[in-house]
Each structure stands twice: as structure tokens, then as C-alpha cells.
Amino acid sequence: MFASLTTYLDSIRARDPAPRSRWEILLYPGLHAVGFHRVAHWLFVRRMFFLARFVNHLARFFTGIDIHPGATIGRHLFIDHGFTVIGETAEIGNNVTIYQCVTLGGTNPANGVPGKRHPTLSDNAIIGSGAQILGPITVGPRARVGANAVVTEDVPEGATMVGLKARSTLVPVETWLKDFIPYGTPCKEPCEPTGGTRVDELEAEVALLKAQVAALLERQGEPAEPGRGGPQRRSRS
């Protein structure tokens, strides 16, 4: 048990440069929340629902993190800072990192029959602060969800999702070279891989529009002002 705890603390330290020792990590609210959840989930699967909820409420009071007792959590989950909500049917794999103010939310089935309503996070996924992942979708292994993104569709393996509604940055999976990306957002990498090309395309479109306006004015007998694509101002007599 001690070896397992040590491995868990080391996995957090590898993802967080702040702590100077394992002892500091023992004070992390995310660590306490996961520990409370292990107890609450044990009670939940044995149908002791009231006791499970009681432990859940204690955990939320002390940590600010709300994990439903029914949620399934793998090894080495790191919840940084807190203020996170994880729903009942959420499933979280191994070595997942979740930053503050994240919601793994559910959707209500139209027929009123409860079922899988919350997302599944695969191994090594990284969820940036403020992200909202909604519905019974799957976030693939090694996928990254940027800060404040809203995800309502499945995320492919290794993809990086940004925006509202979240879209893929189209970074090829084979370019994933780093072991860990803080907050799930590649700040030093372009989120729009065709940024320079896009500016060139816009300039070409502007030039084309100017040429079309000039041609239209010439057909109407009004010569365009050189270099501006618009009609020349007529001097007052």
C-alpha cells in the first residue's frame, strides 16, 4: 500500500513542478478528493447509497471537488487545484490530469431512463482548466482539451481540442513528442497550423475583390481610381 501511494505521489510530481517533496503533495485537495471517492465508490457499488453520498458530501465540503460516488476512476488521477465536478456515469482511465473548474457533465435521456450520461476519459488524457465535457462521449488516449473548451463529440486519440464549441487543432498524432502538456494547451505551438497561409489567402481575396469592383465600374463608364479599386472622385466645377 505504501509503495502504491509513493508511486501515485511521484506521478503527480512528474506533472506538477510546484511541490518540493512528496509531503507537500499530501496536502493537495485533489489527492484527498480521490481518497474520499475510493471510500464512497466502495460503498456505492455495495448499494449503501446514503453512506456513499455522505462521504461524497464530506469530500466536497473539505476539498471543493464533487465526484459522484458512482464515477469510475482509474489509477493516478491528478486533479490540480480543484473546483471540479465529475458525474455519476463518468469513467476516467489511468494517469489522467484534470485542472481546476472542469465539468464532466451529463445529458438527460429523452426517454427518462438513466444510463450512460457522462463522458469517458481514456488513459493519459489532459483536461485544461474550465473545460466542459458533456454527454456520453469518449476522449481518446493522450488527447488534450484546452482551457474553457466545450466538448460534445468524441475526441480522437492524441488530438488537441480548443474553442467553443471545441474543434481539433489538426495537429498530427505523430507529432506528439512530449510526455506531458500542462493545461492541455500547446502554448508554444500554433493552434492554427495554417495561420500564415490563411493571411495570404485573405490578401488574395481582397485583391480579387478590388479587381472585380474595378471591372464593374469600367463597364459602367466610371474609371476606377488607380490602386484603390474604387471610383475616382469627380472635382467640383
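The values are calculated or read from the model by the stated rules, or taken from the named source; none is laboratory data. Source: prediction; values computed, not measured. Here the Cβ is made from the backbone with ideal geometry for all residues, glycine too, and neighbour counts use every protein chain on show. SASA here: full protein model, heavy atoms, side chains in, ligands and nucleic acids out. Shrake-Rupley method; radii C 1.70, N 1.55, O 1.52, S 1.80 Å.
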For the range 55-135, the per residue accessible area (1.4 Å probe, Å²) is 38 Å²
Accessible surface of the range 1-118 [probe 1.4 Å, protein heavy atoms]: carbon and sulfur percent: 65 percent
Once amide H atoms are placed 1.01 Å from N in the peptide plane, what residues at a sequence separation of 5 or more from THR120, or on another chain, have their amide H within under 5 Å of its amide H? GLU91, ILE137, THR138, VAL139
Given the peptides 200-211, 141-152, arrange them by the average over their residues of other C-beta atoms within 10 Å, most packed first. 141-152, 200-211
On the formula 1/(1 + (r/R0)^6), with r taken between the Cβ atoms of LYS116 and MET1 and R0 of 25 Å, the FRET efficiency rounded to 0.05 is 0.20
Taking the Cβ of ILE73 as the centre, find all other residues whose Cβ is under 14 Å away and add up their charges (Lys, Arg: +1; Asp, Glu: -1). -2
